Structures are given as C-alpha cells and as structure tokens.
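Notes to accompany the following structure.
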Amino acid sequence: TATAVRSGGQDRRVRDMSQLGDMENAVVALIAGIEDNGQPVFAEVRGFSYVSERSAVQAILRCRMPAAFVMFEHRPPVSADPTSVPEPAVLGILVAQRGLRGGTEPRIGGTGVTGAFTLLDLLHSTLDDADVSSDQRLSFIRERAAYTDEQTAVYHQQYAVVRLAETAVPTFAGEAICGSESYVRVVPGPIICEAREFAFPGIGGLFRLMMG
C-alpha cells in the first residue's frame, strides 16, 4: 500500500493506486492458494506490469512453470454522460506450462505435468465471481492462446472487475428473496409496451399504425 500524503487531491490518487495494488495482491493470493493433493499447482505466481501481450509472454517464458502473471490491463475513462453504463476495468491472467516431452503434453498434460487446459479450468473456477475487495468482484470475459511452441503453451484470460453497487440482501414484502451468499445478476432486456394496431384509409391506400 502506497504511503498517503497530506494533500487532499494527492491523497485520493494514492488511495486509488493502493486499490489496484490490493486487488493485484488479492488475486495473486487466490491463484497461489490453488492446490492439488496439498501442493501448490503453480510454481510461480506474481503481478506483472502489463504493456503488451508480447512483452508479458517473453517474461513468463523465463519463469519456473507452471507460472501465472496477474496483470492490470486497463480502466476505461469515465463518460461525461450520466446515463451511460460505465465499462469495467479489465484484469488479465497469463498462464504458461511447459512439457519437455512436447506434443500435446503442454496443453493436455502427462505424467507429472498438469496441462494448460486443466490450469485454465482451475483458474476459471477460482476467479470467476471471486470477491477481490469489499465492493469489487471478478467476472470472466474470455480466454485465448497467446503463444505456443513444441514444448510450451501460454494462454491469456481476461476478467472484468465489476463494482458491487449494493451489498444488502434484497427483500420483497419484508422477506429476503436470496441469501447472503447468493449472486444476483441483472441483465436489462428490450423495452416492451402494450400497443394496439388500427387502420385508416388514406390517399395512397390503407394505412396501419401501432399505438400504445
């Protein structure tokens, strides 16, 4: 956590930077805690300053594998339109695995080697919907291959950092409609209204309109 300074504006910026650091540390801890038979799955997990996927891949190839990088990728600018829905920040996870026997071993796995596909599944089940702060949660976006050769496979996952606007349990008629561990996602649908069709004669023929 960065040291706060006395100036109000600077203090606010330092706190914002601290939030990013706290989020990175929380995700690193979640990944480092993934175990198989009591042993950590990843040999190396750390934060990485993301500039481009290419630079991140070059760096992770020098790590002990399996390895994972936690990368804050970008935070969209705030729109001046008060009615717009803000886009979430994006957190990237780069995962790499090496299989010295080559072939499908880096992806599928083999004796003593956990394949990259299994690592991706473990990351998804651990990070998707994971709370990384009191008001932020990760939501899976996509994953794709970032690099491959005969003995190595590197994949890139992305998660949206969703801000939780309301943490109180919602109620209806005074009764809770979900529990404290429930996760409610609201997806706005199309606007629908009742309408009636009516017809009236015109110069060019019969016209039909919908009114509601």
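Distance between the 7 Å Cα→Cβ label points at residue 171 and residue 80: 4.3 nm.
Restriction of the trypsin sites (Lys or Arg not before Pro) in the range 27-93 to DSSP coil positions whose beta-carbon has at most 15 other beta-carbons within 10 angstrom yields 62, 64.
Our estimate of slack between residue 186 and residue 140, defined as 0.36 nm per intervening residue step minus the Cα-Cα distance, is 15.0 nm.
Give, as ranges by residue number, the residues of the range 40-58 whose backbone N falls under 17 Å from the point 7 Å along Cα→Cβ of residue 151. Label zone hits: 58.
Using the beta-carbon distance between residue 121 and residue 199 and R0 = 35 Å, what value does 1/(1 + (r/R0)^6) give for FRET efficiency, to the nearest 0.05?
It comes to 0.05.
Relative to one another, the C-alpha centroids of the range 41-60 and the range 127-151 are positioned 13 Å apart.
Coordinate-derived values only; no laboratory data. These numbers come from a predicted model, not from an experiment. Don't worry about glycine lacking a Cβ; one is built from the backbone with ideal geometry, like all the others, and counts go over all protein chains shown.
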